[in-house]
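Read the structure below first, then the notes.
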Amino acid sequence: MQFGLYLLSIGIVLFSQMLITNQYKKYRAIDIESGLTGYDVAKRILESNNLAQVDVVMQEKGVLSDFYDPKSNTVSLSPSVYNDSSVASIAIAAHECGHAIQYATGYKIIGVRNRIMPLAIASSNLSIFLIIAGLILSSSLVGQMLVTIGLVMFGIVAVFQLVTLPIEFNASSRALALLQTYPDITEDELDGSKSMLKAAAFTYVAS
């Protein structure tokens, strides 16, 4: 039973990764009529929300590696998103700008996630080692304690993932609402952006 659930979990994660990859390939191949690139859309969104001080830069970490860094106040876009005028590019760029707006407006859940993050990172790095060590020493009290601590750490990571979900959903909602305000983005392009962001959201649910 437990092994079956484990395989099911792995299957869901792999399916979610395949889904977002396929959606990205699909919508990267569809150019938007206005010719706006991901960079153009990001700058437009930031400026219209009084966030012109937020930099938009191109980074070289590869496909689907886009992120907003609150420390440097920078929206970092992968080369394809930064340069392409595709449905995928504008959707991803708008989503990352959604995170910038969250920080600028003091979106409360981000504060909760930031407080959990250091503990979640440490737990993610250590939990599996503690559990393995505990299983090796399972006949002793120390081994049982190590397994328990490792499972608690797994729980902390799970809580962090749960707290992340509404943040990502909200960023996508903000992105779509912002894209809808631009008359040079068509309904079909908005529908494509929505499908792209839904696929991205499913990867967070799977995690």
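The values are calculated or read from the model by the stated rules, or taken from the named source; none is laboratory data. Note that the structure is a prediction, hence the values are computed from the model and not measured. Positions of Cβ are generated from backbone atoms using ideal geometry, with glycine treated the same way; all protein chains shown enter the neighbour counts. For accessibility, only protein heavy atoms count, side chains too; no ligands or nucleic acids. Shrake-Rupley method; radii C 1.70, N 1.55, O 1.52, S 1.80 Å.
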- [ ] On the protein heavy atoms, probe 1.4 angstrom, tell me the percent of accessible surface of the chain carried by carbon and sulfur.
- [x] 64
- [ ] With a point put 7 Å past each Cα toward its Cβ, work out how far Asn125 is from Leu19 in nm, to one decimal.
- [x] 3.2
- [ ] Could you please put Met153, Met117 in sequence from largest to smallest accessible area, using a 1.4 Å probe?
- [x] Met117, Met153
- [ ] First check a/c for segment 78-125, with a ≥ b ≥ c the square roots of the eigenvalues of its C-alpha gyration tensor; if it is under 1.5, answer rounded, and if not, answer prolate when a/b is larger than b/c or oblate otherwise.
- [x] oblate
Task: Spin-label pair Thr148/Ser195, simplified geometry with 7 Å Cα→Cβ offset, distance in nm - done: 5.2
Task: Debye, to nearest 20: dipole size of the chain, +1 on Lys, Arg Cβ, -1 on Asp, Glu Cβ - done: 820
- [ ] Enter the angle in degrees (range 0 to 90, nearest 10) between the Cα long axis of helix 38-48 and the first principal axis of the Cα atoms of the chain, meaning the one along which they spread out most.
- [x] 80
Open item on the list: Below 8 Å between Cα atoms, with a sequence gap of 6+, how large is the relative contact order for the chain in percent?
Closed with: 25
TODO: Would you please put 30-36, 81-87 in order of how densely packed they are, using the mean number of other Cβ atoms within 10 angstrom per residue and starting with the highest?
DONE: 81-87, 30-36
Task: On Cα atoms only, tilt of 187-206 relative to the major axis of the chain in degrees - done: 10
Task: Relative packing of 98-106, 39-47, 7-15, which averages over residues the other C-beta atoms within 10 Å, highest first - done: 39-47, 98-106, 7-15
TODO: May I ask you to list the residues of segment 79-116 whose amide nitrogen lies under 18 Å from a point 7 Å from Cα along the Cα→beta-carbon direction of Glu187?
DONE: none
- [ ] Can you tell me the 0 to 90 degree angle between the C-alpha axis of helix 108-136 and the longest principal axis of the chain, rounded to 10?
- [x] 40
Open item on the list: Restricting to lysines 8 or more places apart or on different chains, can you count the pairs in the chain with Cα atoms under 22 Å from each other?
Closed with: 11
Task: Average accessible surface area per residue within the chain, 1.4 Å rolling probe, Å² - done: 55
